[in-house]
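Please read the structure below before turning to the comments.
The values are calculated or read from the model by the stated rules, or taken from the named source; none is laboratory data. Remember, it's a predicted structure, so these values are computed and weren't measured experimentally. Quick reminder, even Gly has a Cβ in these numbers, built from the backbone with ideal geometry, and neighbours come from all protein chains shown.
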Amino acid sequence: MPTKTFFNLPEEKRNRIINAALEEFSENLFSKVSVNKIVKKSKISKGSFYQYFKNKKDLYKYILDKMFKLKMEYLSKVIKDKNTDDFFELYEAMIEAGLKLTVDYPLYGKIGQNLMLEDEKFLAEIMENYSAQGENLIFPLLKKAQENGEIYENIDLKLVSFLISKSSILLLDYIKTTTKDLNYENIINIINEFIFIIKNGIRRGKDDQNY
């Protein structure tokens, strides 16, 4: 995390550094990001940079913290505003909210997409805390759905929370990398198919005729 010196800077200067970092991390994978370019764009010295952050990874984690905090705000608002206890309806709305964030904040969207392209070891290190946040958000919704008889009573909710949280991240990456025409209708169709798989599984029932 940044030092106290960084947080004591004037807001305009802090924002200048943050915006320069957002540009660099949105355009490059972590290993290709240049501290020299960040300090040049933000109009600070390299010595000052290391007074504010331990290293490049420290700055990167700070940017990701801001991004995931904003995402949690988007998702929490959906849960609060949506007048339903239906887990799958809520979950669909949460995925749509995650997509809306990438539209409202395109640099965050690009950073998230780049993050999915990092090597597995680095990705696991970075995502460790954020995955837990997603699971903690989903678990109580699953618990309520189980109590309401919406899902099986004997399944491991921690396991389901883990799988759904991981799948949600990968779904956004799938949409970004495989869908050439990112219009709302195409995105919703992919989300609906994903929800169908989560809700019904992939095994075809004897009475299924049309899917």
Test set (1) in contact (Cβ under 8 Å) with a residue 24 or more places away in the chain; (2) closer than 25 Å to Leu159 by Cα - Lys100 fails condition number:
(2)
For the stretch 97-109, enumerate the residues that are surrounded by fewer than 18 Cβ atoms within 10 Å (Cβ to Cβ) and either touching a His at 6+ places or on another chain (Cβ under 7 Å) or within 16 Å of Ser168 (Cα to Cα) (or both).
Lys100
With (1) β-branched (Val, Ile, Thr); (2) touching a helix residue (DSSP H, G or I) at 6+ places or on another chain (Cβ under 6 Å); (3) outside any loop (DSSP other than H, G, I, E, B); (4) at pLDDT 85 or above as the list, and Ile95 as the residue in question, which single condition is left unmet?
(4)
From the option list Met72, Met94, single residue qualifying as among the hydrophobic types (A, V, I, L, M, F, W, C) and surrounded by fewer than 17 Cβ atoms within 10 Å (Cβ to Cβ) is Met72
Against the definition (touching a residue at least 40 places away in the same chain (Cβ under 8 Å) and in contact with a Ser or Thr (Cβ under 9 Å, 6 or more places away or on another chain)), how does Tyr62 come out, yes or no?
no
Taking the stated definitions as given, is Glu23 out of contact with any helix residue (DSSP H, G or I) (no Cβ under 6 Å at 6 or more places or on another chain) and either outside any helix (DSSP H, G or I) or over 16 Å from Tyr60 (Cα atoms) (or both)?
no
Can you confirm whether the stretch 179-186 contains a residue that is crowded, with 17+ Cβ neighbours inside 10 Å and part of a helix (DSSP H, G or I)?
no
Answer from Tyr108, Tyr62, Tyr52 - the residue that is modelled with pLDDT under 95 and either outside the structural domain of Thr3 (by TED's automatic domain parsing) or not hydrophobic (A, V, I, L, M, F, W, C) (or both):
Tyr108
Within the stretch 145-163, of all residues that are in contact (Cβ under 8 Å) with a residue 40 or more places away in the chain and within 26 Å of the chain's Cα centre (by Cα), the one surrounded by the fewest Cβ atoms within 10 Å (Cβ to Cβ) is Ile151
